[in-house]
Amino acid sequence: MTWGEFQAIVQLSAGLNMAILSFVDISLPAIKERRRVFEKAQQELERHKKTTRHQDEESQAAHVKRVSEMDQKMYLLWKEASAFSNEEDSLLKSTGVMGVVGSVVSLVLLWYSAQHYNDPISTLGKVLVALSFGSLIGAFVINFMTASQAGMLTRKCNAIRSEMHDRL
């Protein structure tokens with residue numbers, strides 16, 4: 001097998017590795033939604049904290065207790081989301097690094113395959129071409145998992161908001 005026969009695979013790797021840079025589009029909408037929903041829940045909770053429409057002290061005290069419970073749930077979710085937010089930023093940066101590294105490796109392999117079109121491809125060459133797809137797989141997995149985690153946090157926040165609507 002020659003480099004020329006393998007060049008289509010190298011071209012595919014180069015093209016896909018260039019596309020990695022758009023993989024953040026997989027997780028970015030979920031991240032933005034998570035942040036928007038959390039902010040909205042915080043605003044709703046603040047409105048409930050300021051509510052003084054109760055007729056007697058007993059109902060006001062019960063309301064304050066329920067608000068405090070919701071506040072505690074939101075705080076715990078905030079802590080979880082805050083820890084994830086740091087990971088989120090790191091993972092998005094990792095995707096960019098993978099995209100650049102994968103693109104450089106793929107373009108070098110593409111250039112090399114053009115220069116050595118009729119030369120036989122070695123086992124090392126095949127391994128390098130296979131590895132050039134590794135950044136693509138890694139970036140996809142990272143962004144898919146990030147989107148899943150952001151979606152899970154959004155669902156938790158929406159559950160708290162729903163409970164807030166029911167109880168307050």
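The values are calculated or read from the model by the stated rules, or taken from the named source; none is laboratory data. Source: prediction; values computed, not measured. Note that we place each Cβ from the backbone using ideal geometry, even for glycine, and neighbour counts take in every protein chain shown. These area figures cover heavy atoms from the full protein model, side chains too; ligands, DNA and RNA do not enter into them. Shrake-Rupley method; radii C 1.70, N 1.55, O 1.52, S 1.80 Å.
Please find, within region 94-108, the residue that is nearest to LEU128 (Cα to Cα) out of those that are within 25 Å of the chain's Cα centre (by Cα) and not small (Gly, Ala, Ser).
Our first condition is that a residue be within 25 Å of the chain's Cα centre (by Cα); within region 94-108, this holds for 94-106.
Now narrow it down to the ones that are not small (Gly, Ala, Ser): 95, 97-98, 100-101, 104-105.
Working: THR95: 20, VAL97: 18, MET98: 15, VAL100: 16, VAL101: 13, VAL104: 12, VAL105: 8 Å.
Here the residue is VAL105.
Which of the following residues is open to solvent by less than 90 Å² (accessible area, probe 1.4 Å) and more than 30 Å from SER132 (Cβ to Cβ): LYS32, LYS40, LYS65, LYS50? Walk me through it before giving the result.
Details: LYS32 fails: open to solvent by less than 90 Å² (accessible area, probe 1.4 Å); LYS65 fails: open to solvent by less than 90 Å² (accessible area, probe 1.4 Å); LYS50 fails: open to solvent by less than 90 Å² (accessible area, probe 1.4 Å).
One residue alone meets the criteria, LYS40.
From the list SER90, SER59, SER68, which one is closer than 23 Å to GLN149 by Cβ, free of Cβ contacts under 8 Å to residues at least 60 places away in the same chain and of a type in the set (Gly, Ala, Ser)?
Numbers: SER59 fails: closer than 23 Å to GLN149 by Cβ; SER68 fails: closer than 23 Å to GLN149 by Cβ.
Answer to the check: SER90.
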